Amino acid sequence: MDISAFVLFWAAIFTSNILLTNFLGMCSYLSVSRELESALGLGTAVIFVLTVTAALNWVVYHYLLVPFGIVYLQFIVFIIVIAAFVQFLELLIERYAPALYYTLGIFLPLITVNCAIFGVSLFMIIRDYNFLQSVAFGAGSGIGWLLAILMLAGIRRKLKEKLVPIGLRGAGISLIITGIMALGFVGFSGIVQIQ
Amino acid sequence: MKDSFWFPIVFMLIIVIIFAGILSVMYRTSQPKIEAYQQETYQKLILGTVAAKLAEVTEETQQSIMDSYPESYQTHVQELDIPGLERRAFRAVVADSTIAYCFEIGGKGLWGTMQALVSTSTDFRTLLDLALVSQQETPGLGARIEEDWFLAQFRNRLFVINPESDTDVTGSYEFIAETQVPENDGQLKRVTGATITSDAVLKMLRDEMNHIYNYLRNKSL
Amino acid sequence: MTKKEIFLTAAFKENSIWRQILGICSALAVTNLMMNSLIMGLGVIFSLALANFSISIIRFWTPRSVRMMVQTLIIAAYVIIVDIFLKANMPEISKQLGPYVGLIITNCILMGRAEAFASQNNPLDSMVDGIGAGVGYTLVLLVISFFRELFGFGSVFGIKVFGAWWTNWSIMVMAPSAFFLLAILIWIINTHYYKVKA
């Protein structure tokens, strides 16, 4: 693959936004976008976890799974790496930065089940990225996810909920807004080919 | 005990070993079956790409050739070893004379790599048929490249149009909408809503045919 | 609760998609064709039932700190088992399911049910809950894909229903339409089923 890591980074944010183009990471996105502050907190955590796990999983795949011929276990191994890292991160934060833990704490378990993180690891293997490309892709995807959730949180803050029909409040209107954003991002497609 | 330091780690390890064990056993016992099936599918695809040509030369019909797999495959298809080509190659023979070649080609799609088999005439210039081995495109959109109408566009097509060229031996092509009718040989119909995937198929064909033709044009097989 | 109540609650009253807003990712990706939705749904039902069952069995021994990892591992293992089984015995179906295997593992529904039900209830109940949640999920997917396939391709389960006079709505083929359809579905259900009032 001869796309520079730099280009990949920007593509992951805009033209192949992990959430608005690939539709991964929706669950926590929908529930946490109520408050701008929480969205920012979760999004930042996601960027960190995504970048590190992309790097970790790349190393594990190429130096452990492939040489030993146990590629079929890749799903399990990736998920374990992600879950273990998040668990480890939670312990670290709880011990050394308790204030941060209280603001961020509840979001960390949410990250483990964020399909975006698993998806990024899968994609980088399928698309055969090298290490630098994988890290750039992970970081970019994280920022793209943060961008999407910030946009939704910002819109929801400004949204006059009274004007929304009752049945649509909350999840319904969020989905419609996201759909419109996704349509907007379709306009980015083709600018940069990251495959 | 549950809250001690070591118990969680030991517990995790036990669970991992149990499930990894189950998976390994399942995987190893089903591998032979899976591989046999995959080989059968692959060989049938190869046979399919040369069946039309075989039917021309022998007195059988395409259908009977396909139906008499594996005998027809063993009689008519041989794998070739072409060092340096870096692709699997096959030839279709009728009584010792080669009537067509078949190459495994690959390229990047939208979601992942795609692999295909392309059969060519003996001078490597005409595409006889194209079959997809694997692709990871969006089901219902990009994956529609496996539909017959799309693949049929490449059948019996003179692909190497500029054999002397240094840059690109294939012709130039443009994609038109699926609902339109091509006005000339340079127009191909794309899959609606799958522009990138359709482009990827064409790019794969052009890149691969360039590589194959340039490598083989002066060699005798 | 009786088994029937558990099933109905998991499938309808506490439906994973419209009530708990889980499992959205796959609901958007696979609903372009009804056949894809059905296959994905079946895969989810199997994995959910088996995973819930297993997680419930070991629930008293699972330490708190590794709870999520254990659940994730078990879920992933069953999904792969289902995939290997299909590859060996029903290769045609497996070819269709292929790309979706990864999606099932991270489907929040599985983790959600494991946390909410399986870790606190007995194995048999948990299995019924798993089947119920899976069935509810599949039904929602089928409804959305019905509209997307009908208006986007003019067919139902691959059988052409509309004649040549129909122009396909391209938007139905693209994923954003799933957002809108899902929102409309939630709207209708909130208004009529739960009778949400001001």
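Table: residues versus (1) at pLDDT 90 or above; (2) more than 10 Å from chain C (Cβ to nearest Cβ); (3) farther than 21 Å from C:Lys95 by Cβ.
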position: B:Val16; (1), (2), (3): no, no, yes
position: B:Leu23; (1), (2), (3): no, no, no
position: B:Gln31; (1), (2), (3): no, no, no
position: B:Tyr37; (1), (2), (3): no, no, no
position: B:Lys44; (1), (2), (3): yes, yes, no
position: B:Glu56; (1), (2), (3): no, yes, yes
position: B:Thr75; (1), (2), (3): no, yes, yes
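Can you pull out the residues in the range B:1-33 that are in contact with a Lys or Arg (Cβ under 9 Å, 6 or more places away or on another chain), of a type outside the set (Gly, Ala, Ser) and part of a helix (DSSP H, G or I)?
Those that are in contact with a Lys or Arg (Cβ under 9 Å, 6 or more places away or on another chain), of a type outside the set (Gly, Ala, Ser) and part of a helix (DSSP H, G or I): B:Pro8, B:Phe11, B:Lys33.
On inspection, C:Val30 passes the criterion of being buried (at least 22 other Cβ atoms within 10 Å of the Cβ), over 14 Å from C:Gly134 (Cα atoms) and β-branched (Val, Ile, Thr).
Cβ-Cβ distances below 7 Å connect the following pairs, each with a first residue in the range B:96-124 that is under 30 Å from A:Ser121 (Cα atoms), a second residue that is of a type in the set (Lys, Arg), and a separation of six or more residues or different chains: B:Glu104/B:Arg87; B:Glu104/B:Arg88; B:Ile105/B:Arg87; B:Gly107/B:Lys203; B:Gly112/A:Arg127. Within the range C:177-196, one or more residues are within 14 Å of chain A (Cβ to nearest Cβ) and at positive phi. Scanning the range A:43-72 for residues that are surrounded by fewer than 21 Cβ atoms within 10 Å (Cβ to Cβ), in a helix (DSSP H, G or I), aliphatic (A, V, I, L, M) and within 14 Å of chain C (Cβ to nearest Cβ) turns up A:Leu65, A:Val71. Filtering A:Leu163, A:Leu89 for residues that are of a type in the set (A, V, I, L, M), over 18 Å from A:Ser33 (Cα atoms), loosely packed, with under 15 Cβ neighbours inside 10 Å and within 13 Å of chain C (Cβ to nearest Cβ) leaves a single hit, A:Leu163. Looking at C:Ile75, C:Ile24, can you tell me which residue is surrounded by 21 or more Cβ atoms within 10 Å (Cβ to Cβ) and within 27 Å of C:Ser155 (Cβ to Cβ)? Unique residue meeting the criteria: C:Ile24. Search the range A:120-137 for residues that are in a loop (DSSP other than H, G, I, E, B) and pair each with any residue that is small (Gly, Ala, Ser) and surrounded by fewer than 20 Cβ atoms within 10 Å (Cβ to Cβ) when their beta-carbon atoms are under 8 Å apart and the residues are at least 6 apart or on different chains. Between residues of the range A:120-137 that are in a loop (DSSP other than H, G, I, E, B) and residues that are small (Gly, Ala, Ser) and surrounded by fewer than 20 Cβ atoms within 10 Å (Cβ to Cβ), the close pairs are A:Arg127/B:Gly112. Of the residues making up the range B:150-175, just one is exposed (fewer than 14 other Cβ atoms within 10 Å of the Cβ) and farther than 19 Å from B:Phe124 by Cα, namely B:Glu174. Within the range B:181-208, the residues that satisfy the criterion of being more than 24 Å from B:Glu104 (Cβ to Cβ) and more than 14 Å from chain C (Cβ to nearest Cβ) are B:Val181, B:Pro182, B:Glu183, B:Asn184, B:Asp185, B:Gly186, B:Gln187, B:Lys189. Taking the criterion of being at pLDDT below 85 and of a type in the set (A, V, I, L, M), would at least one residue in the range B:110-122 satisfy it? Yes, because at least one residue in the range B:110-122 is at pLDDT below 85 and of a type in the set (A, V, I, L, M).
Taken over the range C:145-161, the criterion of being small (Gly, Ala, Ser) and in contact (Cβ under 8 Å) with a residue 60 or more places away in the chain is satisfied by C:Ser145, C:Gly152, C:Gly158.
Test B:Ala36 against the criterion of being in a helix (DSSP H, G or I) and under 16 Å from B:Tyr101 (Cβ atoms), and give yes or no.
Working: in a helix (DSSP H, G or I): yes; under 16 Å from B:Tyr101 (Cβ atoms): no.
Against the criterion (in a helix (DSSP H, G or I) and under 16 Å from B:Tyr101 (Cβ atoms)), B:Ala36 does not qualify.
Listed here are the helices (runs of 4 or more DSSP H) enclosed by the range C:1-105 that have at least 3 residues being modelled with pLDDT under 85 and either under 22 Å from A:Phe118 (Cα atoms) or away from chain B (no Cβ under 13 Å) (or both): C:24-29, C:34-57, C:67-89, C:91-97, C:101-105.
Is at least one residue of the range C:101-120 under 30 Å from B:Leu141 (Cα atoms), of a type in the set (Gly, Ala, Ser) and out of contact with any strand residue (DSSP E or B) (no Cβ under 8 Å at 6 or more places or on another chain)? For the range C:101-120, residues under 30 Å from B:Leu141 (Cα atoms), of a type in the set (Gly, Ala, Ser) and out of contact with any strand residue (DSSP E or B) (no Cβ under 8 Å at 6 or more places or on another chain): present.
List every residue pair whose Cβ atoms sit under 8 Å apart, with the two residues 6 or more apart in sequence or on different chains, where the first one lies in the range A:163-180 and is closer than 19 Å to C:His192 by Cα and the second, anywhere, is assigned to a helix (DSSP H, G or I) and among the acidic types (Asp, Glu). From residues that are closer than 19 Å to C:His192 by Cα, the pairs are A:Arg169/A:Glu161. Check A:Tyr102 against each of (1) within 13 Å of another protein chain (Cβ to nearest Cβ); (2) part of a helix (DSSP H, G or I) and name the one condition it does not meet. Here A:Tyr102 meets the rest and fails (1). Just one residue in the set C:Asn168, C:Asn121 is closer than 30 Å to C:Ile74 by Cβ, away from chain A (no Cβ under 14 Å) and not in a helix (DSSP H, G or I); that residue is C:Asn121. Scanning the range B:176-194 for residues that are crowded, with 17+ Cβ neighbours inside 10 Å and among the polar types (S, T, N, Q) turns up just one, B:Thr192.
The values are calculated or read from the model by the stated rules, or taken from the named source; none is laboratory data. Owing to the predicted nature of the structure, the values given are computational and were not obtained by experimental measurement. No Cβ is skipped: glycine too gets one built from the backbone with ideal geometry, and neighbour counts run over all protein chains shown.
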